[in-house]
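Beneath this line is the structure, given in structure tokens, with notes to follow.
The values are calculated or read from the model by the stated rules, or taken from the named source; none is laboratory data. Values in this document were obtained by computation on a predicted structure and should not be read as measured data. Virtual Cβ from ideal backbone geometry, glycine too; neighbours counted across all protein chains shown. These accessible areas exclude ligands, DNA and RNA; they are computed on the full protein's heavy atoms, side chains included. Shrake-Rupley method; radii C 1.70, N 1.55, O 1.52, S 1.80 Å.
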Amino acid sequence: VVVEGFKKSSLPKIEVHRKSKHQEPLFDPKSPEAKQWIALVTDDEMLRVAIPTFRFTDTGWLMTLAQLAWDRAVVVD
């Protein structure tokens, strides 16, 4: 299940970042929560971060993201 709007949750995160909406992504490699991020999808061609980063123009990113999410899935009771 992929859900939107759980920024403060400890669930694994895939961020969708649009430069026209926010200059910087929420992902901060210096943050203690940085390990929660699985990947980032962005339209910012210049953005470089220490997690898998995909551009909207990339082909095949959805399949790769699905695999990354599966690998980091969390079972919640």
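Under the rule a/c < 1.5 gives rounded, and otherwise a/b versus b/c splits prolate from oblate, where does segment 21-65 land using the Cα gyration tensor?
oblate
Using a Gaussian network model of the chain whose springs link C-alpha atoms within less than 10 Å, name the residue from T64, T53, T42 with the highest mean-square fluctuation.
Comparing T64, T53, T42 in a Gaussian network model of the chain, the most mobile one is T64.
What does the charge dipole of the chain about its Cα centre add up to, to the nearest 20 debye, if the Cβ of each Lys and Arg holds +1 and the Cβ of each Asp and Glu holds -1?
160 debye
Over the chain, what is the mean sequence separation of C-alpha contacts under 8 Å (at least six apart), divided by residue count, expressed as relative contact order in percent?
Taking the mean separation of contacting Cα pairs over the length of the chain, I get 28 percent.
May I ask you to list the GluC sites (Glu not before Pro) in segment 1-70 that are in a DSSP loop and have at most 13 other Cβ atoms within 10 Å of their Cβ?
E4, E45
Are there any chymotrypsin sites (Phe, Trp or Tyr not before Pro) in the chain that are in a DSSP loop and have at most 16 other Cβ atoms within 10 Å? List them by number.
In loop regions of the chain (DSSP not H, G, I, E or B), the sparsely surrounded chymotrypsin sites (Phe, Trp or Tyr not before Pro) are F6, F56.
Taking θ = phi - 60°, what integer Hz values does the Karplus form 6.51 cos²θ - 1.76 cosθ + 1.60 yield along segment 45-60, in sequence order, with x for Gly and Pro?
Working through the residues one at a time gives 5, 9, 5, 10, 9, 8, 10, x, 10, 10, 9, 4, 7, 5, 9, x Hz.
At a 1.4 Å probe radius, carbon and sulfur cover how many percent of the accessible area of the chain?
Reported share for carbon and sulfur atoms: 58 percent.
Return the label of the correct value of Rg and Dmax of the Cα atoms in Å, as calculated from the structure shown, out of (1) 13.8, 46; (2) 11.3, 31; (3) 12.4, 40.
Given (1) 13.8, 46; (2) 11.3, 31; (3) 12.4, 40, the calculated one carries the label (3).
Ignoring everything except DSSP H segments at least 4 long, calculate the 222 nm mean residue ellipticity for the chain; use -39,500 (n - 2.57) per segment, divide by total residues, nearest 500.
Calculated from helices alone, the mean residue ellipticity at 222 nm is -4500 deg cm²/dmol.
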